[in-house]
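Inspection log for the structure reproduced underneath, given as structure tokens.
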2 protein chains.
Amino acid sequence: MVETTRRREIESAASTLFRERGYSGTSVRDIARAVDIQGASLYAHVSSKQDVLWSIVERMASRFEAAADVVEAGDPGALVFGPRVQLMSLVRAHVRVLTDDVEAARVFVREWQALEAGRRDSIASRRDAYEARFRAAIDIGVEIGAFGDIDPALTATYILTALNGLVSWYSPTGRLSPRTIAEAYADLSVRAVQPPGGPS
Amino acid sequence: MVETTRRREIESAASTLFRERGYSGTSVRDIARAVDIQGASLYAHVSSKQDVLWSIVERMASRFEAAADVVEAGDPGALVFGPRVQLMSLVRAHVRVLTDDVEAARVFVREWQALEAGRRDSIASRRDAYEARFRAAIDIGVEIGAFGDIDPALTATYILTALNGLVSWYSPTGRLSPRTIAEAYADLSVRAVQPPGGPS
DNA sequence: CCTACCGATCGGTAGG
DNA sequence: CCTACCGATCGGTAGG
């Protein structure tokens, strides 16, 4: 369980399989076959099937958090342009993480509930905290009147589920580039929170 | 396999289990236990586990189609008020079907890919046709300038995935009523397609 | 709807 | 990383 490249190979193969068949629809032998070893040999690299799922989900959770950190720390325009720009940046960052590794992203979005209780709870609260960052931007926008009179929590959920929906249709070889999608989704999201008269 | 009420009981119990653990994470014995019979006895009512999934998914597909039929046939205002009202009505109808039976809706949204190839393809094309009805409303709005300059296909996907996201958080006992959600989601969706200057 | 049973496969361990 | 193996469980059938 030391050699990192082999471990990554396994996680990558597992991501694809978990995405296609789900966590419980994928057997340890399926994963082993995908990396051309015997089923039992997989345990030379991982300690359990749960362990593989955890690695994938945990890594993706960290990526989303790191991307939001960059947005919140690095954008000097946030204070100038306010919640509109902040929300658009968060959306673009989220889409970028999703499209950077759709296989793993899909596992994160759809299979995290297959984690054992303790780990599942940990991911659940990290997801809540992450969603709160979107909610915060919307809160401010509503307060200062830059956004319409919307429910911030419900709106954050609406937007985030729309973004996460990407994992069920996006393909790197599809007609739309990650950039195009990120821009279109940022526009749609920011327009959804607009006040009736349009942006000021 | 005649008695309808028992069959419905089984499908309802299966919906809950499929929602919680996924199709492949649920055993035939799990379903049987939920309706208090022996595992093998389930086969007196259903012909296979796939069969149960199919019944749930097919029924939900029909409900979505029927709801959209009502919107398209029954609303005399559609011609007067145009694509804005049409889109809002489609959104409201979709949310209503989702909230009417979240357990089954979640199975429809998340487990239909566990169907065997033929049935999966059939559902896939019905989903495409359904999404096309949203796309059509958006197409018209863009053409006549009621909506902004957006990609109708991408926008329809954005909206529909946001709506379907409901299945991962909605609870009948939660703080938000189906009506409140339907109205908020219709507003958010219609604002997302708005032209820059706001509605005319 | 039950008991009894089927072959196949499951996640994982032992011991090299 | 392999062979050999473990007990448990899988979806489903036979026969009543």
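Since every read-out is calculated from the coordinates, none of them should be taken as a lab result. If you're wondering where the values come from, they're calculated on a predicted model, not measured in any experiment. Positions of Cβ are generated from backbone atoms using ideal geometry, with glycine treated the same way; all protein chains shown enter the neighbour counts.
Please state the relative contact order of chain A as a whole percent: Cα pairs under 8 Å, 6+ residues apart?
Numbers: 200 pairs, mean separation 46.8, N = 200.
It rounds to 23 percent for chain A.
Please compute the contact order of region A:67-179 in relative form: average sequence separation of alpha-carbon pairs under 8 Å and at least six residues apart, divided by the residue count, as a percent.
The value is 33 percent.
Please give the charge dipole size of chain A, origin at the Cα centre, charges +1 on K and R Cβ atoms and -1 on D and E Cβ atoms. Round to the nearest 20 debye.
Working: 24 positive and 26 negative charges, 106 e Å.
That gives chain A a dipole magnitude of about 500 debye.
Kindly provide the helix-only [θ] at 222 nm of the protein assembly as shown, computed as the sum of -39,500 (n - 2.57) over DSSP H runs of four or more divided by all residues, to the nearest 500 deg cm²/dmol?
Details: 18 runs with 278 residues, N = 400.
Only helices count here, giving -23000 deg cm²/dmol.
Of A:174, A:155, A:88, which is farthest towards the positive pole of region A:49-193's charge dipole, taken about the Cα centre with +1 and -1 on the beta-carbons of Lys, Arg and Asp, Glu respectively?
In region A:49-193, that residue is A:174.
Label-point separation (nm) for residue A:183 and residue B:122, each offset 7 Å from Cα along Cα-to-Cβ?
4.3
Quick one: give the max-minus-min coordinate of the C-alpha atoms of region B:45-200 along each principal axis, largest first, in Å.
On the principal axes, region B:45-200 reaches 56, 36, 27 Å in Cα extent.
How large is the Kirkwood hydrodynamic radius of the protein assembly as shown, in angstrom, based on all distinct alpha carbon pairs?
Values: mean 1/r = 0.0444 Å⁻¹.
For the protein assembly as shown, inverting the mean 1/r across all distinct Cα pairs yields 22.5 Å.
Volume per residue, Å³, of the convex hull around the alpha-carbon atoms of region A:1-110?
Values: hull volume 10.9 nm³, N = 110.
Expressed per residue, the convex hull around the Cα atoms of region A:1-110 is 99 Å³.
Positive end of the charge dipole of the protein assembly as shown (Lys, Arg +1 and Asp, Glu -1 on Cβ, about the Cα centre): tell me which of B:165, A:144, B:134 has its Cα farthest that way.
Value computed over the given set: B:165.
Region A:108-200: percent of C-alpha pairs farther apart than 20 Å?
Numbers: 2095 of 4278 pairs.
Distances greater than 20 Å cover 49 percent of the Cα pairs.
Any idea what the residue B:118 label distances to the other copies are, label 7 Å down the Cα→Cβ vector, nm, shortest first?
So the distances to the same position in the other copies read 4.8 nm.
Expressed as a whole number of Å, what is the distance separating the alpha-carbon centroids of region B:18-75 and region A:26-99?
Measuring centre to centre over Cα atoms gives 32 Å.
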